[in-house]
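Read through the structure below, which is laid out as structure tokens, and then see the notes.
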Amino acid sequence: MWTVFRWSRYASGGILVVMTRKRIPEWVPVAGLQLRLSGIHFDAIRLRGVRGEAVFQHLVTLTDGEPGPVVREIAGGRWTYFLIPPGESADYAWPPGATCFGPSARDLYVGIPAPEGNTYPLTWRCGAPGVGEFVDAELLHGLVTAQLAPYAEEVAPPDLAALRDHAGPGAPSPLHP
């Protein structure tokens, strides 16, 4: 939804330049950053580092550059938070490596940056959202599962019985050499 219209002082030759700005939700602060309780205005799915960035890049590609609200931490763990409609996180089984910030028995907060200005260490990946804009939860779940499910198989513990059988009788235990 577009709300602000004004004349530009740079209009020349009878050309009207219109500048617009989308309406920002009430839970996005005007300046700086603030913690917001998840499950009220939004749920969030958190991914760490390059996994979060990879999911974000796929999301941008699949949504023609309009992925919805995504917050990135540019220091520390380099977390990426994908904001989905409130209550929708409970509809999906999120794989290990994805942390769900939704309605729960304990309060979970997400840092939300202002649309512009000094918001270090948080930033919006594609600009602040408009009212009612969210990441598509079903699409996000598919991408997160595709990114993290193979990883879970890669780091699965080895089959110790197969290791013992391969070593032969009397061989030292693979757990205690």
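The values are calculated or read from the model by the stated rules, or taken from the named source; none is laboratory data. Computed from a predicted structure; not experimentally measured. Every residue, glycine among them, receives a Cβ derived from its backbone with ideal geometry; neighbour counts consider all protein chains shown. Surface areas here come from the heavy atoms of the whole protein model, side chains and all, with no ligands, DNA or RNA. Shrake-Rupley method; radii C 1.70, N 1.55, O 1.52, S 1.80 Å.
Just to confirm, what accessible area per residue do you get for region 32-108 at 1.4 Å probe, in whole Å²?
50 Å²
Whole angstrom only: what separates the Cα centroid of region 47-99 from the Cα centroid of region 100-120?
Cα centroid of region 47-99 versus Cα centroid of region 100-120: 13 Å apart.
Can you give the FRET efficiency for Asp64 and Glu116, using 1/(1 + (r/R0)^6), R0 = 25 Å, r = Cβ-Cβ distance, to the nearest 0.05?
Result of the calculation: an efficiency of 0.55.
Around Arg23, which amide H atoms from residues at least 5 apart in sequence, or from another chain, sit under 5 Å from its own amide H, with H modelled in the peptide plane?
For Arg23, whose amide H was placed from the backbone, the distant partners under 5 Å are Thr3, Val131.
At a 1.4 Å probe radius, carbon and sulfur cover how many percent of the accessible area of region 35-140?
50 percent
Can you compute the modelled spin-label distance between Ala105 and Leu37, with each label point 7 Å from Cα toward Cβ, in nm?
Here the answer is 1.8 nm between the modelled labels.
Show the residues, 5+ positions off or on another chain, whose built amide H is closer than 5 Å to the amide H of Gln34.
Those lying under 5 Å, H to H, from Gln34 are Ile112.
Report P(r) for region 30-139: all Cα-Cα distances, bin width 10 Å, range 0 to the bin holding the largest distance, values in whole percent.
15, 51, 32, 2
Report Arg78's accessible area, 1.4 Å probe, all protein chains in place, as a number in Å² to the nearest 10.
Looks like 130 Å² after rounding.
What number comes out for the charge environment of Pro121, summing +1 per Lys or Arg and -1 per Asp or Glu over other residues with Cβ under 15 Å away? Let's see the in-between values first.
Details: positive: Arg46, Arg48, Arg72, Arg78, Arg125; negative: Glu73.
Taking every other residue near Pro121 into account, the sum is +4.
Pop a pseudo-label 7 angstrom from the Cα along the beta-carbon direction at both Glu138 and Val30 and give the gap in nm to one decimal.
3.9 nm
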